[in-house]
Amino acid sequence: MLVTGPNGRHGNRMKLAKLAFGLICLAILASNIVTMSRWSEARGVYDDICYLRQAHLFQRFGADGLNTDAVRDDDRYFEGKMKEIGYAAWKDPLQWPCHNPMPSGKVVTQYPPGTGFLLALFPEGHQVVPLYVAASLIVCGLALLGIFMARTLPSTLGAGVFGGLSVYLMINPAKASYSVAPTMALCAVAGFLTALWLSREKRSVWLIALIGLLLGASVNFRLPNALLAAGYFLFLGIPFVWSRKLATFLQGLGFGAGVLIGMAPTLIAQAINAGSPLATTYGSADVVAPAFDLAVLGHYLRDMQFVLMLLAIGSTAWLLRAGEGSVRQVALVVAANLAVNLVFFLSHPVFTPYYVVPIAMLSLWSVSFACLMQQQQDARQAAPIRREQTSLGVLSR
């Protein structure tokens with residue numbers, strides 16, 4: 001007669017939980033795709049048509065599409081987009097939305113070129129939906145990987161709930177700006193690689209360089225994404241100042257080089273459009289000094305971002321207290337990153353429904369995969385002990 005022991009029942013519950021949460025993530029993904037398929041590319045949002053203009057320039061001129069001067073709208077593409085949404089001042093480039101005059105006399109798009117470049121990969125008129133679907137597939141794939149990696153029932157539940165939430169967020173708040181969807185996908189990948197980098201006994205320079213490359217590339221979607229690298233620089237820089245070890249220096253050098261290479265398209269675009277790699281294409285109205293505003297803080301408290309901030313802060317604090325070894329190292333990186341980003345955005349006297357979402361998601365992905373990888377390491381270390389105990393038990397019979 002076959003008898004199912006406690007371990008067998010636990011294993012069955014684990015398998016059922018993994019299957020259930022995997023199906024839930026896939027169901028949310030399918031629902032998202034159906035919803036996305038109904039989206040219009042002329043919903044009346046200024047940012048949308050500006051990103052689409054970037055994409056159009058890349059499709060017309062290739063790499064020279066980095067030059068977003070208004071005079072290049074000689075085919076009246078952008079004017080047509082503004083007419084579609086009923087923008088009254090469509091004839092005057094100085095009044096075009098999300099465009100700013102430069103000292104050189106150019107009137108250029110204010111945004112970095114990454115979002116437009118990704119949209120340009122898809123056929124005109126059908127660009128937004130494929131971009132969001134592709135980003136959602138990446139996020140869902142990593143959510144399923146986390147569920148598969150879980151070794152205990154509680155970690156399966158945690159990975160499943162977080163995975164489902166991550167996939168759902170690709171609709172709301174990611175829909176608020178086309179730049180958020182690719183940022184969310186990069187944060188998921190970077191979070192996984194961060195945990196992988198720090199979970200290894202010998203930390204690879206190439207792996208931290210890849211993380212830097214991804215975080216640098218995220219700057220091409222949103223300039224504030226540059227802050228996503230802050231915690232890594234602190235984590236690598238402070239120990240080097242103390243120890244002056246070559247290995248630590250090489251890690252920091254690799255990361256810095258990766259960030260610089262990743263954000264190179266934005267630096268080139270700024271040189272072309274604003275006259276210098278370090279000059280901004282944003283107008284004076286968009287560049288505001290830090291100032292704590294209770295009204296702005298109130299917006300965050302009432303928004304979904306507040307929940308994500310609490311989850312990120314809470315999970316990081318727990319990991320700092322209970323984590324050991326490499327897991328605690330991940331918590332240190334995440335804590336430094338959270339501190340820098342939250343100080344910046346909560347003191348930024350402007351609110352949008354997605355400002356702190358990238359740092360919250362990068363933090364949560366990093367912490368989640370760090371815990372899962374620690375469980376895998378513990379399981380591998382415990383396996384020889386279990387086998388030895390089993391062998392002793394057989395011999396004693």
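Just so you know, all these numbers are worked out from the coordinates, no wet-lab data involved. In this text the structure is predicted, and so the values were computed from the model without any measurement. FYI the Cβ positions are ideal-geometry reconstructions off the backbone, even for glycines, and counts take in every protein chain you see.
Some points to look at:
- Most to least packed among 343-353, 146-156, 216-226 [average Cβ atoms within 10 Å]: 216-226, 146-156, 343-353
- Pairs from the list Lys15/Lys202; Lys18/Lys175; Lys202/Lys245 with a Cα-Cα gap above 23 Å: Lys15/Lys202; Lys18/Lys175.
- In a fully extended conformation the segment linking Ala226 and Leu153 would gain 22.6 nm over its present Cα-Cα distance, using 0.36 nm per residue.
- Each Lys or Arg adds one and each Asp or Glu takes one away; over the other residues whose Cβ falls under 13 Å from the Cβ of Leu196, this sums to +2.
- The computed semi-axes √(5λ) of the Cα gyration tensor in Å for the structure shown corresponds, within (1) 34, 24, 19; (2) 35, 25, 23; (3) 43, 25, 18, to (3).
- Label-to-label distance for Ala89 and Leu297 is 3.5 nm, based on points extended 7 Å past Cα in the beta-carbon direction.
- Highest average packing first - 320-328, 103-111, 159-167, Cβ atoms within 10 Å: 159-167, 103-111, 320-328
- Angle between the chain longest axis and helix 46-61 axis [Cα atoms, degrees, rounded to 10]: 80
- Packing, taken as the mean count of other beta carbons within 10 Å per residue, orders the peptides 233-242, 173-182 from highest to lowest as 173-182, 233-242.
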